[in-house]
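The values are calculated or read from the model by the stated rules, or taken from the named source; none is laboratory data. Predicted model only: the values in this text are computed from it and were never measured. Cβ atoms come from the backbone with ideal geometry, glycine included; neighbour counts cover every protein chain shown. We work out accessible area using only protein heavy atoms, side chains counted, and drop any ligands, DNA or RNA first. Shrake-Rupley method; radii C 1.70, N 1.55, O 1.52, S 1.80 Å.
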Amino acid sequence: FLIWSASMLFLIYVGMMKYAAFAETGDSVNDMFAALPPQMMKVLGIEAGMDLSSIGVFYSIFFLYFVLLTATHSCLLGANVLAKEERDKTADFLLVKPLRRHRVVTPKVLAALTFVVLFNLFTMLASITIVAPLNEGPSLNEPIMRLSLALLVVQLIFLAVGLCLGAVSRNAAGA
């Protein structure tokens with residue numbers, strides 16, 4: 001969790017430092033992106049007329065990297081939380097004890113959910129903290145919170161995918 005959080009903090013910090021450089025160039029960055037073909041702009045998540053010198057627009061585009069990192073984290077977490085029992089050879093021991101499967105699996109799923117929610121909260125708070133000093137316009141706290149809620153939905157979907165992969169895989173590496 002700490003390594004993933006440090007990676008996210010680094011990503012947010014570097015992204016906002018990149019914004020500081022974009023903001024200094026002013027309209028030249030907008031002119032450069034306007035010269036790109038429309039297909040390339042769609043790949044980059046930029047629509048015609050977007051003002052890249054605005055921190056809100058820049059953050060919303062940079063948010064795609066947050067989605068990629070958190071989706072990877074959630075899927076790996078979900079897969080490993082169940083599959084590591086097979087890897088460590090503890091699954092057979094756990095499942096032959098006089099416990100129902102849900103008594104073994106539920107705490108693991110709840111722990112994974114806790115980590116996903118904590119990672120999301122950390123991302124939201126780090127974003128708010130790092131974006132605030134660079135923002136010269138209206139507060140972006142509410143849009144960042146809405147994006148964090150959307151990010152949580154993506155994280156939960158990928159956690160579920162990871163849990164399914166971990167449940168059907170016989171080894172952690174295959175999950």
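Observations
Residues checked against (1) at pLDDT 95 or above; (2) in contact with a Lys or Arg (Cβ under 6 Å, 6 or more places away or on another chain); (3) surrounded by 12 or more Cβ atoms within 10 Å (Cβ to Cβ):
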residue: Val117; (1), (2), (3): yes, no, yes
residue: Ile128; (1), (2), (3): no, no, yes
residue: Asn135; (1), (2), (3): no, no, yes
residue: Leu140; (1), (2), (3): no, no, yes
residue: Leu156; (1), (2), (3): yes, no, yes
residue: Ala173; (1), (2), (3): no, no, no
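- Candidates in segment 2-36 are the residues that are at pLDDT 80 or above and of a type in the set (Phe, Trp, Tyr); of these, the one that is surrounded by the fewest Cβ atoms within 10 Å (Cβ to Cβ) is Phe10.
- Of all residues making up segment 1-53, the number that are closer than 17 Å to Thr72 by Cβ and either assigned to a loop (DSSP other than H, G, I, E, B) or among the β-branched types (Val, Ile, Thr) (or both): 3
- Going through (1) open to solvent by 30 Å² or more (accessible area, probe 1.4 Å); (2) closer than 19 Å to Leu149 by Cβ; (3) in contact with a Pro (Cβ under 9 Å, 6 or more places away or on another chain) one by one, Ala48 falls short only on (2).
- Scanning segment 134-156 for residues being without any contact (Cβ under 8 Å) to a residue 24 or more places away in the chain and farther than 13 Å from Gly56 by Cα gives a total of 3.
- Restricting segment 158-170 to residues that are open to solvent by 40 Å² or more (accessible area, probe 1.4 Å) and part of a helix (DSSP H, G or I), the residue that is farthest from Cys75 (Cα to Cα): Val168
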